[in-house]
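The values are calculated or read from the model by the stated rules, or taken from the named source; none is laboratory data. This structure is a prediction, so every number in the text was calculated from the model and none was measured. Note: ideal-geometry Cβ built from the backbone for every residue, glycine included; neighbour counts use all protein chains shown. Surface accessibility is based on the protein's heavy atoms, side chains included, excluding ligands, DNA and RNA. Shrake-Rupley method; radii C 1.70, N 1.55, O 1.52, S 1.80 Å.
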Amino acid sequence: MKSEKSPELDKMRHSAAHVMAAAVCNLFENVQLDIGPSTEEGFYYDFDLTHRLAPEDFVRIEAEMARLIAADLPFERMEVSREEATRLLEEKQQKFKIERLADIPEGEAISFYRCGNFIDLCRGPHLASTKGIKAFKLLSVAGSYFRGRESNPMLQRLYGTAFEKQQELDDYLKCMEEAKLRDHRVIGRDLDLFSVQESVGPGLVHWHPKGARIRSLIEDFWRKEHFRNGYELLYTPHIGRSGLWETSGHLGFYRESMYTSMDIDEQAYFVKPMNCPFHIQIYKSHKRSYRDLPLRWAELGTVYRYEKAGVLHGLFRVRGFTQDDAHIFCSEEQIEEEIKRTVRFAIKMWRTFGFSEITAYLATRPAKAVGEESRWTQATQSLESALKAEGVPYEVDAGGGAFYGPKIDMKVRDVIGREWQMSTIQFDFNMSERFHLTYIGADGQEHQPYMVHRALFGSLERFFGILVEHYAGAFPFWLAPEQVRLLPLTDKQLAVAETMAEQLRAADFRVSVDSRSEKVGAKIRDAQMSKIPYMLVLGPREVEQGTVSVRSRSAGDQGSMTIQVLMEKLRTEEAART
């Protein structure tokens, strides 16, 4: 669950990170320090020490932290010269801090913070004293490369969190426990939805039949809704010549995240990290008129980006993924209505998949930006106007836009209160200029179109992982990979069960028959564990009466009904998408 982090809470968490570092230094020898920032969920500190930290150490560290907090030690800021800072760090033999010191630009203040005997290179700010740190808890420890580079030493990252009230901490810890039960990696394995095979490579997802069925349902719905909303679909190549990526700027600004080039016909080709340059090539394949606009083009395009092994995480952080990408090319007069349509579309999609709490962040023009200021102003106004028109709560991130355009980031809150960054609506003045995009206006002159990047789910992989955790694997009926399972009591009912299964399949329901020679109680338990929405028990009485005994995953026994009545019930539920 994401906390609403105030500046004071941020300051308290950063102070707690320092107290945690002081406690570790008091308890263990030869501790090398790196950084200890606050985060959205709490704080962490990176250490290099010979002792391998483990959860059993947390009690000792927390006790020492509690002692330092109770001592009401002041946080004292010390501004020093670069020479004095170097001397202090060399005396303490803090090699990582010495390297961090070199990152501070000439002329910028160099500050340390003292807390009791603990002194740390830090820009701050901190609380007045340790007594201001309220409810806190250590959470976990993980490996982390210094500066995030795999060629550097592996440090130990100790995570914790802090809140202003004990009840807030208790609620957060309860949410964390619930999140563990919903871990999409565990559920994905237990329900046989997907896997990542190390023999193939980390971060490359294999969709198993059940997971692929759900993905197919999502994609079919996605395509249908895009056609309804006036989009056309594109399919583009997976690789392109280096010149394309030079023009787009990816080779200049994004090279570290792109895979090594391939030599084909003495030309360098790169696998695509993004779809947009290809969509632009399609735009440029014809001379465009104002009468052609707006153009709304969408693609489920698989892209590949290099992510460091240490940050890969199930479906949330991968190296190959499918973006639900779209680009809108429109005129100045069309821009506001197009943004409203896009926001409305995003809201509808999220509510259909069971997410009702939606907020947005409007990122505006940074100090360094490309494109005319008037275009920035109009683009930003259109984004804000759309959010107001659709009643979406939002915050303004002043100066937080990319250098090439303002954007909206839309976030959804899941069933246990966690907030996820999902849909993005991003203006791009840079690509339009780099590729010299134009259209002929009503005045017969060339004009530059407004170009908007738009993703609703971001990537299908990450969206699917969130969906698994939101529903804890118990997907709504319309998304369940297996909707109905027939459970014959004995082999004598098996033929009738197979006939009923064929009737259900003919009506486009996803159904299976449990033909094992097991007791019906075991079959029901297995179907429940597999999170099948409906179980149909078929015994001698049901065969004689031409009915099935219906059991719901969520509501239990539903009584007996004919297969025709059941199918009508299922059609109604599927259409409702509840």
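Taken along the Cα-to-beta-carbon direction at a fixed 7 Å, the label points for Glu56 and His436 span 7.0 nm. In terms of the mean number of neighbouring beta-carbon atoms within 10 Å, the peptides 226-232, 463-469, 194-200, 447-453 order highest first as 463-469, 447-453, 226-232, 194-200.
Heavy atoms of the protein chains alone define the surface here; on that basis the chain has 47 Å² accessible area per residue at 1.4 Å probe size.
No solvent, one uniform scatterer per C-alpha: report log10 I(q)/I(0) for the range 83-144 via the Debye equation at q = 0.27 1/Å, two decimals. Results for the range 83-144 at q = 0.27 Å⁻¹ read -1.17. With the convex hull of its Cα atoms as the shape, the range 113-212 has an orientation-averaged projected area of 10.3 nm². Using only the Cα atoms of the range 471-578, each taken as one equal point scatterer with no solvent, compute I(q) by the Debye sum, divide by I(0), and report log10 of the ratio at q = 0.10, 0.12, 0.17 Å⁻¹. Scattering profile of the range 471-578, log10 relative to I(0): -0.24, -0.35, -0.73.
The solvent-accessible area of Lys407, taken with every protein chain present and a 1.4 Å probe, is close to 50 Å². Selection among Leu460, Ser382, Ile133 by position relative to the dipole of the chain gives Leu460 as farthest towards the positive end (Cβ unit charges, Cα centre). Ranked by solvent-accessible area (1.4 Å probe, protein heavy atoms only, all chains present), the residues Trp297, Trp245 order from largest to smallest as Trp297, Trp245.
The charge dipole of the chain, taken about its Cα centre with unit charges on the Cβ of Lys, Arg, Asp and Glu (plus for the first two, minus for the last two), comes to roughly 1080 debye. In this simple spin-label model, placing a label point 7 Å from the Cα along the Cα-to-Cβ direction at both Thr86 and Lys174 gives a separation of 5.5 nm.
Descending by average beta-carbon neighbour count within 10 Å, the peptides 274-281, 390-397 line up as 274-281, 390-397, the highest first. Normalising by the residue count of the range 233-314, find the relative contact order in percent from Cα pairs under 8 Å and 6+ residues apart. Relative CO of the range 233-314 lands at 41 percent.
Taking the Kirkwood radius as Rh and the Cα radius of gyration as Rg, the chain has a ratio of Rg/Rh equal to 1.03. All Cα-Cα separations within the range 44-177 were binned at 5 Å from zero, giving a P(r) of 2, 9, 14, 18, 19, 19, 12, 5, 2, 0, each value a whole percent of the pairs. Evaluated on the range 518-566, the Kirkwood hydrodynamic radius is 11.1 Å, with distances taken between all distinct Cα atoms. Divide the volume of the convex hull around the Cα atoms of the range 173-272 by the residue count and you get 214 Å³ per residue.
Within a straight-line Cα-Cα reach of under 27 Å, Lys97 can be paired with the following lysines, leaving aside sequence neighbours fewer than 8 residues apart in one chain: Lys11, Lys131, Lys137, Lys308.
By the compact-protein rule of thumb, 2.2 N^0.38 Å, the alpha-carbon radius of gyration of the range 215-354 corresponds to a ratio of 1.19. Sorted from longest to shortest, the spans of the Cα atoms of the range 300-444 along the three principal axes equal 52, 36, 30 Å. For the range 310-391, the Kirkwood estimate of the hydrodynamic radius, built from every pair of different alpha carbons, is 15.4 Å. Measuring only protein heavy atoms, the 1.4 Å probe finds Lys95 accessible over about 110 Å². Structural size metrics of the range 386-475, computed from C-alpha coordinates, are Rg and Dmax of 17.7, 57 Å.
Sorted largest first, the spans of the alpha carbon positions of the range 53-105 along the three principal axes are 38, 27, 20 Å.
Against the empirical 2.2 N^0.38 Å (N residues), the range 193-237 has a Cα radius of gyration ratio of 1.54. For the range 157-228, give the percent of accessible area contributed by carbon and sulfur heavy atoms, probe 1.4 Å, rounded to a whole number. Carbon plus sulfur share of accessible area: 51 percent. Please state, rounded to one decimal and in Å, the Kirkwood hydrodynamic radius that the range 238-299 gives when every pair of distinct Cα atoms enters the mean of 1/r. After inverting the mean inverse Cα-Cα distance, the result is 13.1 Å. Once you reduce the range 437-501 and the range 242-259 to the center of their Cα atoms, the two points are 31 Å from each other. With only the Cα atoms considered, the range 131-171 has a convex hull volume of 90 Å³ per residue.
Principal axis analysis of the Cα atoms in the range 269-316 yields extents of 49, 24, 12 Å, listed in decreasing size. In the range 425-532, the alpha-carbon atoms span a convex hull of 165 Å³ per residue. Taking the accessible area of the range 485-550, probe 1.4 Å, and keeping the other protein chains in place, the carbon and sulfur fraction comes to 51%. Each Cα pair under 8 Å and six or more residues apart adds its separation to the average, and for the chain the resulting relative contact order is 10 percent.
Multiplying the residue separation of Glu8 and Arg541 by 0.36 nm and subtracting their alpha-carbon distance yields 185.1 nm. The range 338-393 and the range 163-198 have Cα centres spaced 30 Å apart.
Per-residue surface analysis assigns Thr572 an accessible area of about 90 Å², computed on protein heavy atoms at 1.4 Å probe radius. When only alpha carbons of the range 1-120 are considered, Rg and Dmax amount to 15.0, 44 Å. Which of Gly201, Phe227, Ile214 sits closest to the plus end of the dipole of the range 92-233, meaning its Cα is farthest towards the positive end, when Lys and Arg get +1 and Asp and Glu get -1 on the C-beta? Checking the options against the dipole of the range 92-233, the answer is Gly201.
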